[in-house]
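The next block holds one structure in the form of structure tokens; read it before the comments.
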Amino acid sequence: MMVFTKKMIEIRNILQKVGQSSTLTLPSIVVIGSQSSGKSSVLEAIVGHEFLPKGSNMVTRRPIELTLVNTPDSKAEYGEFPDLGLRKITDFTSIQRTLTELNLAVPDSECVSDDPIHLTIYSPNVPDLSLIDLPGYIQVVGHNQPLELKQKISELCDKYIQPPNVILAISAADVDLANSTALRASRRVDPRGERTIGVVTKMDLVDAIRGSSILQDKQYPLRLGYVGVVSRAPQSIGGLFKKGSSSGDGSALMNLISKNEDSFFSAHPLEFGPSADVAVGTATLRKKLMSVLEQTMSASLQGTTDAIRQELEEATYEFKVQYNDRPLSAESYLAESLDAFKHSFKQFAEEFGRPQMLQLLKRELDQRVLDLLAQRYWNKPITDLTQSVPEPDALADLPKADPDSLYWHRQLDASTAQLTKLGIGRLATNVVATNIQAGVDKLIAQSNFVNHPFARQAIVEAASSILNDRFYSTSDQVENCIKPYKFEIELEQREWDAGRDHSAGVLKDELMACQDALKRLEGTVGGRRKLNEVMNFVDKARRGDIVVEGESRSGAGGFSAALLQRGREAVFLRDRADIINMRLLAAKSKQCRAMNNKYYCPEIFLDAVATKLASTAVLFLNVELLSEFYYNFPRELDQRLGRHLTDDEIERFAKEDPKIRRHLEVIRRKELLELVLEKMESLRQLDGREKSRRGSN
Ligand code: GDP
């Protein structure tokens, strides 16, 4: 029936994964004893290796949940710390070191912690067992140890010695059993001594007759009995193999200890031999542990199965009610999210093509054209009130808009050159790239990925890496293809007419923007009247009607500096609106219908040029940037979020979203519980068959 315990231990490990919410536990053997009772020595003798932390400074500070796995088909002996991801440690000194570090990581002020260390040891020489080593009981609190330490250790042990666990109570032979802390603790929770095994260590320290009588103790009778052991090398040789020394992994020492134990007990056949009716020796102890654990597990089978079934029902109910029985895995979640994202991207791609790029780029150029017009045609300088502009104002001073006037020729030629040389390549590429990036951001915000920082970043980077890759060559291409316009621009009437329509719209928008800004200014100074007063003052000062003696920080003419600033802005906006109104009339006029009047109508001409530039740029942007992006982006997404992610990364990704995490956890718990239940059922059958076989024998 060896497989029974092994399978139960497997189940126990699965149950541990079900998580803290689960109160399901299968029995373990809990080892308690006072400090120096020989507890570590017994455990090491069972394992056959020296591996526990040693030292005077209370080194066991956390429970060590030790799983022993018998591997009959392999010679290898090694340990694993599953929580730390440490696998296959074949050097037991290194296991010892890790345990020491894990224990000493508990600060002195706390001294003990109930957070268990999980350690699994695989070996052909160990039985299948699950043991829990606890901090040793102390009699007196040492200096630099907290006063409540004794209490804390005792509470920690109490937590573990509850049913269905088996208690392994360690006491030393040279201490009266009546004084054994371990036995006293076990009494409290197991008064009838039904699930306690007594281990009496240091049998070599008392004479054989006395030793033998301890093992037959009548005062503290235990149903599972006492086992006497000697788990220390003989004094004379022990010095050669100093414990904890670097001499190998300690297994030679273990051999020696075992031989020593054998020869000690066989030297006293009367007291310890077969006729003496006492149990002695580590080998006997091992066998006892195995059979007791098996029986206990078998006894708890029904109860645990019921508990698991109940827990499974709860999980199934939760899955139904909260998640509509919708199956989900981290991979399927990622795949679905990615598909949905790519789908929405496809839609974006369908909606953002050449016409949209053209519009975007044209809007950008409209702004540049407005700036040029303002700079070369519209602006009246208002800089400082102390420098008044001579009357009449600058506009009136300009030469008449005679198409033949050299001045206007130069103005328009310079504006056109400025427009064509403004770095359309960079500008256009930038505008489109920025728009794509913003589009991608928006798609992310509407997708599952919005709750996943890792994926969000991966997508943003996927987009920017393609855009960055294409940026320079695209802007060069675009710049090259608009090059001819830097030398000559020929318009057709159709283009002129379109420019006329469009520029009128732009001017109207600008006019509205000026008026809105004026309104807002009114609001900030406390009404139209106030604003008019300041504007009046600014106007007068500009015309030189009043002399402002130097504007100070505190302002002038009874107006604060801040108010004057607003006044200047308002005057500027008013003048700008006047000019635009004038220009709107001009654009509508008869002269502006004819293309050859371009010097009279720079707004129309520049607008037509901007359209030409934009549409040429868009042809190349489409090939060099947009198509490339549309082709590569989904592939880049697959690359970054699909294939090369490890299972762990996918799991971590999915769990970033708390809703998904809960959903996945319920499913996982359900699956684990189903698996456990299945295993339990087959074990129960095995157990039943075994029992009836025994019964019929
Ligand atoms: P723990 O503090 O309960 O873990 O006790 P240890 O296993 O570290 O043992 C305490 C001391 O008792 C050590 O010096 C051991 O060498 C010694 N010791 C353990 N078992 C025996 C034994 O069977 N016989 C003798 N003579 N000494 C032992």
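The values are calculated or read from the model by the stated rules, or taken from the named source; none is laboratory data. What you are looking at is a predicted structure, and each value in this text was computed from that prediction instead of being measured. Glycine gets a Cβ as well: all are built from the backbone with ideal geometry, and neighbour counts include every protein chain shown.
General observations
- Scanning region 508-526 turns up one or more residues that are touching a residue at least 40 places away in the same chain (Cβ under 8 Å) and within 30 Å of LEU619 (Cβ to Cβ).
- Residue in region 89-97 that is at pLDDT 85 or above, under 28 Å from PRO163 (Cα atoms) and away from the ligand (no atom under 13 Å from the Cβ) present: no
- Taken as a whole, region 301-312 holds no residue that is in contact with an Asp or Glu (Cβ under 8 Å, 6 or more places away or on another chain), at pLDDT below 90 and over 30 Å from LEU673 (Cα atoms).
- The set of residues in region 119-133 that are within 19 Å of LYS7 (Cβ to Cβ) and not aromatic (Phe, Trp, Tyr) comprises THR120, ILE121, SER123, PRO124, VAL126, PRO127, ASP128, LEU129, SER130, LEU131.
- Boolean, ILE95 is touching a strand residue (DSSP E or B) at 6+ places or on another chain (Cβ under 6 Å), surrounded by 14 or more Cβ atoms within 10 Å (Cβ to Cβ) and in a helix (DSSP H, G or I): yes
- Conditions (1) within 16 Å of the ligand (Cβ to nearest atom); (2) surrounded by 19 or more Cβ atoms within 10 Å (Cβ to Cβ); number of the one not met by LYS259: (2)
- Taking the criterion of being within 12 Å of the ligand (Cβ to nearest atom) and crowded, with 20+ Cβ neighbours inside 10 Å, the residues of region 181-216 that qualify are THR181, ALA182, VAL199, VAL200, THR201, LYS202, MET203, ASP204, GLY211.
- Unmet criterion (only one of (1) of a type outside the set (A, V, I, L, M); (2) within 16 Å of the ligand (Cβ to nearest atom); (3) closer than 17 Å to VAL42 by Cα) for ASN125: (2)
- Of the helices (runs of 4 or more DSSP H) that lie entirely inside region 281-380, those containing 3 or more residues that are over 30 Å from PHE653 (Cα atoms) span 282-323, 354-373.
- Tally, over region 102-144, of residues that are on the phi > 0 side of the Ramachandran plot and charged (D, E, K, R): 0
- Filter result for LYS362 (of a type in the set (D, E, K, R), in contact with a Ser or Thr (Cβ under 9 Å, 6 or more places away or on another chain) and modelled with pLDDT of 90 or more): yes
- Test set (1) modelled with pLDDT under 90; (2) exposed (fewer than 14 other Cβ atoms within 10 Å of the Cβ) - ASP115 fails condition number: (1)
- Screening TYR630 against (1) hydroxyl-bearing (Ser, Thr, Tyr); (2) surrounded by 17 or more Cβ atoms within 10 Å (Cβ to Cβ); (3) within 30 Å of GLN493 (Cβ to Cβ) leaves a single unmet condition, (3).
- In region 217-236, the qualifying residues are those that are within 11 Å of the ligand (Cβ to nearest atom) and of a type in the set (Gly, Ala, Ser), and the one that is nearest to ASN179 (Cα to Cα) is GLY228.
- Complete set of residues in region 579-605 that are modelled with pLDDT of 90 or more and loosely packed, with under 15 Cβ neighbours inside 10 Å: ASN581
- Within region 129-152, the only residue that satisfies the criterion of being within 14 Å of the ligand (Cβ to nearest atom), in contact with a Leu (Cβ under 8 Å, 6 or more places away or on another chain) and either more than 26 Å from GLU10 (Cα to Cα) or basic (Lys, Arg) (or both) is ILE138.
- Hits in region 644-696 (condition: of a type in the set (Lys, Arg), farther than 30 Å from THR296 by Cα and loosely packed, with under 14 Cβ neighbours inside 10 Å): LYS659
- Qualifying residues in region 30-88 (those that are among the acidic types (Asp, Glu) and assigned to a loop (DSSP other than H, G, I, E, B)) - the one nearest to the ligand (Cβ to nearest atom): GLU50
- Test: residue in region 138-157 that is more than 23 Å from LEU183 (Cα to Cα) and of a type in the set (Asp, Glu): no
- Within region 1-29, considering residues that are at pLDDT below 90, of a type outside the set (A, V, I, L, M, F, W, C) and not in a helix (DSSP H, G or I), the one farthest from the ligand (Cβ to nearest atom): SER21
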